[in-house]
């Protein structure tokens, strides 16, 4: 997949730790005081968003001022909308807020600014936080935070080209997710997991859907999504109609994060608020690509009210666990040649409780399961439980002119990636670019009958080798037949199929090795006898040992 160049080290790209983001975060976090991270998140991200649209506005405002002699009007909202730049009314401009940052009324001024922006920009209606005036928010700290954010340029043309705000916003999301722990997983999927899903599915064109989109990470963390669909905030309207984005999020505050996250990158998309199971906002959508990270093992999803739902074609999911409700919702929304990649808890691969095993069996026998990837633990902020990736395909016959693939019916690819990744801190792991490339290339080779022939445009990761065919690698990947899966009781755990990693042959003949090992054992036994005798002598001297014992 094509990548946008940046100056970040490869090891950092999946954690979104680029440039000064960490330093900025440390300063902003120091101003949090005793405020809960879940609450402070909206305070900080709302201000960063406001600074961004104000920077873009002020830059274009200066150009219009310089062109007034030619008839330009810097106070005409249409001058900005014509360039896909948000109109910022006078009371919402950053210079005004900065000048008032140390005043006790700063909270109300920020609320008025947010309300003014929503009033004049219908696309943002109901999205921006407007509770900065509440008494619980320390106005001195709020003023200091405004001063801090004033020192960074995030919305001017140069910063937009470098995606400064995108990187800052994503890094802050990841840090808030880390602070919030389990609750953080509700709105943030680690970048490396999103990147792996996108690399494997290659969603270049068509309808892209995330039924539980959180803060819209599946859309915004893919450079291809941004390049294919960016159309606002001063990028000159360079939109391409290749991708249509659809997402739904049940948590209202998280939905607002998603709307802001899309808006700051100028990505157009239909992001709906509502419960995906009980109020599906896109009932007729048939998506070409579905990417999702549903919440794991949800027990209170209201399944008792959906016993006869039309989506349960492969079996009614248990009331006490929504895992296979998510799977079947995804299958329901797949287009005839659609593909899906999503995260689930490891238990989904082997559970036989409450009919889950039967649903999984029916999915397999319907030839929908294309690939299973076992992930390492500690990737997610929301849980330490290891997870897996499911990849489904409606039509596995191959032969598509736009996506050439071989006939994969009756086969499933298993990839065991549990040993991959690196620890980025004491409790969290991330997959490196090399890990992602290896997993994705293996899937592409298996799916297409050889490695993809895309040109290498990123020197920081290995190029695809178009001449290298797929092959099973013990301990890592295995192409299993449907009959093999049946023998394993329709369990989809990769470790059952890939086997043990091959041990390197040291070249030493077996007989010679056994003689050497036996001699080594005798030496160790003799040494152990000497140590036992020395210990006994010391205990005897102290009066704690007798030969009769």
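Just so you know, all these numbers are worked out from the coordinates, no wet-lab data involved. Note that the structure is predicted; figures quoted are calculated from it, not measured. Using ideal geometry, Cβ is built from the backbone for each residue, glycine included, and neighbour counts are taken over all protein chains shown.
General remarks:
- Length released on extending from residue 524 to residue 538, taking residue separation times 0.36 nm less the Cα-Cα span: 2.9 nm
- Counting every other Cβ atom within 10 Å of each residue's Cβ, 477, 388 order from fewest to most as 388, 477.
- A compact globular protein would have a Cα radius of gyration near 2.2 N^0.38 Å; the ratio found for region 509-549 is 1.80.
- Relative to one another, the C-alpha centroids of region 299-338 and region 418-450 are positioned 29 Å apart.
- Distance in nm between pseudo-label sites at residue 131 and residue 147 (7 Å out along the Cβ direction from Cα): 2.7
- For 25, 390, 326, the sequence from fewest to most other C-beta atoms within 10 Å is 25, 390, 326.
- Extending 7 Å from the Cα toward the beta-carbon at both residue 500 and residue 305 defines two label points whose distance is 5.3 nm.
- Going by neighbour counts of Cβ atoms within 10 Å, the residues 137, 363 line up, fewest first, as 137, 363.
- With the highest mean first, a sort of the peptides 315-322, 123-130, 537-544, 243-250 on other beta-carbon atoms found within 10 angstrom per residue produces 243-250, 315-322, 123-130, 537-544.
- Gyration tensor (alpha-carbon) shape descriptor, region 27-133, a/c threshold 1.5: prolate
- Prolate/oblate/rounded call for region 284-437, Cα gyration tensor, a/c under 1.5 rounded: oblate
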